[in-house]
Structures are given as structure tokens and as C-alpha cells.
Amino acid sequence: MAQVRNKQVLLKNYVTGFPKESDMEIVEGSITLKVPEGSSDVVLLKNLYLSCDPYMRLLMYKDTPVSLGFHYSPGSPLTAFGVSKVVESGDPKYKKDDLVWGVTKWEEYSLVPSAKILFKIDHTDVPLSYYTGILGMPGMTAYGGFFELGCPKKGEKVFVSAASGAVGQLVGQFAKLTGCYVVGSAGSQEKVDILKNKLGFDEAFNYKEESNLDAALKRYFPEGIDIYFENVGGKTLDAVLLNMRSHGRIPVCGMISQYNLTQPEGVTNLANLIYKEIKMQGFIVSQFYPLYPKFLEFILPHIREGKIAYVEDIVEGLEGGPAALVSLFSGQNLGKKIVAIAPE
């Protein structure tokens, strides 16, 4: 039984405020490349790509405020979605060298319950890294949130916040494929240019340059917004509520502006939900996983034909993981942030 090095990223302490690289540490241990004798429900994985996502900040609280099926503990590796190769399996559903995506740990090798594997990867004519993004959890988030909760119709007006991120960039393109008018907000001119010139948004703006978000939204949506795909919360949500149309829909995917605040910002315009009969609904992506085969049928042809673009921001090596995760909260990332830790 071979024993090999197993580099890991551990959480040092529960986090208050904005996360720092020093809240995590790189350690080097070892692992035996063998499934324990008699184990029929565990799989040994070699991790290839790890996903950096804003929700990971929520798992760094002592009392995690959401139920995502896992949480972090000081002294243990971070847990996240990833793309892995099966080294050995006690579960007959998986065999050596199968490629899979699901929940794994921030380390080179992981022994995980087979129930944490969400899907086997059968389509390898697209980059494997896509299964941390457009073909993985963010893709399902965009697809389920926009189509199942947003219920878009051709000609409707769609606004997407954090539009250049892993989910937002897909929502905007799904809206265009549906025949909607779509505007995105982002935090730099470079991101705005990508939204308009690479991802096909009708318009985009840098929210940091807008002193009055209500006025900005009225400029881009003089007739109001039908669907707001919510990734930000706070002041953006407050301004959007003033500009929603009657019977509008707000799928609530995330509120990244609030995750690091000790005192969340208040939202003052919620009465518009009543006056305009707006449907605002939060969701957890796992509810949409049964739609994954249908999702692949929809999206794979668009990827192969070049009708959907996807921007990735890949960091090489597990050592870069802490900085990559922290960068999500300072606006440094451009597209889907990924940590590549082993050759395919």
C-alpha cells in the first residue's frame, strides 16, 4: 500500500469580518492510497480542480447560518466542490480512473463518502475545469435559479448583479438565449468590458462609479425590471426594489456584500414586494440537481458551438488556494475562480 504526501489547506480559526490568508494554513501530511478494508461506501479521490465560491465564507462562522450539507472546523481541511479522479473505490458504482465532480476537501487526495460524489463526468470533449463552473455547481445554480424561479419570457428585462462572477456571467447569457434584454453590474471597467464584448450583455455598468444606484437602474431600465438575479444584497437590492415591474421575479442566489459584515445592512424598500406583487425566493442549488441530465442536454451544444462563453480565473497549486479564496471578497477575481492542483 503506497503512502504519499498529502498537502492540505486547513482552517486555523473561525473567522470574523473579511477572511484573510492567515485564517488558513498549508500543512503537509500523508495518506495511504487504499480504501479501508470492508468499506463499501467510501471513495479515494485524487483532486484535480477545486472550486472557490463565496458561500465558503459562510462556513467559516462558528455557527454556520445556512445548511449546505457541510461546515468547517478549525484544524480540518476546507470542504468544497471539485473535480477528481477515482484512485480506488469501495462503492461498486465507481471504478479506478473514473472522473467525478462533487464535494471533496482542499487537499491533494481525499477519502470521502461516495454519497458526496454528485455525478460522474461522461463528457470529456470540454475542459475538465468546466465541471467546477459552467458544468458544475455554478452552472446548475444559474440554470435552476433563472429558468425554474425566474420563469423568463422573451422580451423581458433582466438585471444581474455580480454579473462577471461564476454564476452571473451564465445568467446573462441564458437571458440572451431566451430573447431578453439584459444588463449586468460589476466592480471594474475591465469586467464591464467583458460583460459587453465577450459575454453578450446588452449593457453593463460599474456600480462603484454610480453615486445613485436608483438613478443608474432607471437609466438602463426606463420601463422597469422583470427579473433581478440577486447575487449582492444590501444597497443594490434596495435600489432594485424601487425599479421592479409588477409581477417581477427575484431569484435570490447570494448576498456577497453582507457575508463579512458584523451588522448586516437593512433593506428599506421591501414594501414594493406587496405593491408590485413581486415574487422573491431564495434557493439552495441542490434542489436542482435532479435536472442535471436536462441541463447538460441544454448547455453542451451551446458550449460546443461557441454560443456560450465562460471566463475562468485559474490559480496553479494548492498553495495559492487561500489567496484565491480571499480574492473573491476584494473584487480581484475575473470570472470563475479555480485552484488547479494536479494535471488531468
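Scanning the range 242-284 for residues that are farther than 21 Å from GLY145 by Cβ and among the charged types (D, E, K, R) yields one hit, GLU265. Of the numbered criteria (1) surrounded by 22 or more Cβ atoms within 10 Å (Cβ to Cβ); (2) within 24 Å of HIS302 (Cα to Cα), the one ASP193 fails is (1). Applying the condition of being hydrophobic (A, V, I, L, M, F, W, C) and touching a Phe, Trp or Tyr at 6+ places or on another chain (Cβ under 8 Å) to the range 173-195 and asking which residue is nearest to GLY144 (Cα to Cα) yields PHE174. Taking the range 154-173 as the range and being open to solvent by less than 30 Å² (accessible area, probe 1.4 Å), outside any strand (DSSP E or B) and over 21 Å from ASP313 (Cβ atoms) as the test, only GLU156 passes. Those helices (runs of 4 or more DSSP H) of the range 212-326 in which at least 1 residues are without any contact (Cβ under 8 Å) to a residue 40 or more places away in the chain and loosely packed, with under 14 Cβ neighbours inside 10 Å, considering only elements entirely within it, cover 213-220, 272-275, 292-304.
Among the residues of the range 241-273, what is the count of those that are modelled with pLDDT of 95 or more and more than 19 Å from LYS153 (Cβ to Cβ)?
The first filter runs over the range 241-273 and keeps only residues modelled with pLDDT of 95 or more, leaving 241-253, 268-273.
Adding the requirement that they be more than 19 Å from LYS153 (Cβ to Cβ) leaves 241-242, 252-253, 268-273.
So the count comes out to 10.
So that you can scan it fast, the table gives a plain yes or no per residue for (1) assigned to a loop (DSSP other than H, G, I, E, B); (2) open to solvent by 60 Å² or more (accessible area, probe 1.4 Å):
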{"site": "SER22", "(1), (2)": "no, yes"}
{"site": "LYS46", "(1), (2)": "no, yes"}
{"site": "ASP63", "(1), (2)": "yes, yes"}
{"site": "VAL83", "(1), (2)": "no, no"}
{"site": "SER110", "(1), (2)": "no, no"}
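The values are calculated or read from the model by the stated rules, or taken from the named source; none is laboratory data. Predicted model only: the values in this text are computed from it and were never measured. Cβ: placed from backbone, ideal geometry, glycine included. Neighbour counts: every protein chain shown. Heavy atoms of the whole protein, side chains included, go into the accessibility calculation; ligands, DNA and RNA do not. Shrake-Rupley method; radii C 1.70, N 1.55, O 1.52, S 1.80 Å.
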